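Taking it in order: structure first as structure tokens, then the write-up.
Please treat every number below as a calculation from the coordinates, not as lab data. Since the model is a prediction, treat every value here as computed from it, not as a measurement. Please note: Cβ atoms are built from the backbone with ideal geometry, for glycine as well, and neighbour counts cover all protein chains shown.
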Amino acid sequence: MTFAVKSTFDVAIWFADQALNENEYLQPMKLHRLLFLSQAFYAIAYDGRKLMPAVFVADEQGPIEPTVYHAFSRGRPDVDVELFLPPEVEVYLTSIWRRFGHQKPDQLSRMIAANQAYSISLRKGNRTEIPLEAMVTAFKAQSEKKDTSVSRQFRDLDGQRVMRTQHGSPVKVKSWMPGTK
């Protein structure tokens with residue numbers, strides 16, 4: 001299986017830097033929720049492809065990625081990460097940050113606690129792996145209850161990437177080119 005990024009740390013550090021750029025403290029709990037949501041929605045939007053080589057386990061506090069959890073246990077780790085992610089990954093992560101970055105960790109935890117993939121894995125026991133296929137199925141089911149399509153949040157009907165306004169309306173975006181005199 002191929003991944004969109006080389007390491008889960010690439011995405012974790014991207015979120016940490018994004019929070020830092022916005023003068024926000026990124027709590028570890030929130031980081032793990034964002035990683036979990038990123039992996040699930042990426043698989044939905046890109047036909048089961050993984051964003052990062054990550055394994056999520058169900059913990060009583062919520063889903064965690066154990067390697068990132070241990071690496072960040074004493075603060076930001078000193079690891080080599082890609083400074084420049086592929087443009088489509090940057091766009092994707094920016095959309096995740098815009099959609100979920102403003103939410104408090106408790107809000108994200110409540111949303112994920114309602115997710116069947118997480119709750120089923122937690123019932124099997126603490127630190128049980130949450131399969132990607134179960135994450136995809138559960139988030140698709142949640143979106144159908146709300147009468148929205150998760151994959152459309154990141155792609156238009158014709159497969160083109162679109163941005164969304166704060167009200168959820170699609171906006172076609174193109175690169176800005178300066179005018180000539």
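Quick notes on this one:
- Among [x] -0.70, -0.80; [y] -0.57, -0.67; [z] -0.49, -0.57, the entry derived from the coordinates for log10 I(q)/I(0) by the Debye sum over Cα atoms at q = 0.12, 0.13 Å⁻¹: [y]
- Relative contact order computed over the chain (Cα-Cα under 8 Å; 6+ residues apart), in percent: 24 percent
- For segment 70-86, the Karplus equation 6.51 cos²θ - 1.76 cosθ + 1.60, evaluated at θ = phi - 60°, returns couplings of 6, 5, 8, 4, 10, x, 5, x, 8, 10, 7, 10, 6, 6, 10, 7, x Hz by residue, with Gly and Pro reported as x.
- Among the GluC sites (Glu not before Pro) in segment 60-90, those placed in a DSSP loop whose Cβ has at most 13 other Cβ atoms within 10 Å are 60.
- Summed residue charge, Cβ within 14 Å of residue 9's Cβ, Lys/Arg positive, Asp/Glu negative: -4
- Nearby lysines by direct alpha-carbon distance to residue 140 (threshold 25 angstrom, same-chain neighbours under 8 apart not counted): 30, 50, 104, 124, 172
- Interchain or long-range residues, amide H under 5 Å from residue 130's placed H: 56, 57, 58
- Evaluating 6.51 cos²θ - 1.76 cosθ + 1.60 at θ = phi - 60° for every residue in segment 131-142, the Karplus couplings come out as x, 4, 4, 5, 4, 4, 4, 5, 5, 5, 5, 4 Hz, glycine and proline recorded as x.
- Derived scalar couplings ³J(HN,Hα) [segment 56-62; Karplus, 6.51 cos²θ - 1.76 cosθ + 1.60; whole Hz; x for Gly, Pro]: 9, 10, 7, 10, 4, 7, x
- Within segment 20-110, the trypsin sites (Lys or Arg not before Pro) that combine a DSSP coil assignment with at most 16 other C-beta atoms in a 10 angstrom radius are 49, 74.
- For segment 80-111, chymotrypsin sites (Phe, Trp or Tyr not before Pro) meeting the loop criterion (DSSP other than H, G, I, E, B) and having at most 15 other Cβ atoms within 10 Å: 84.
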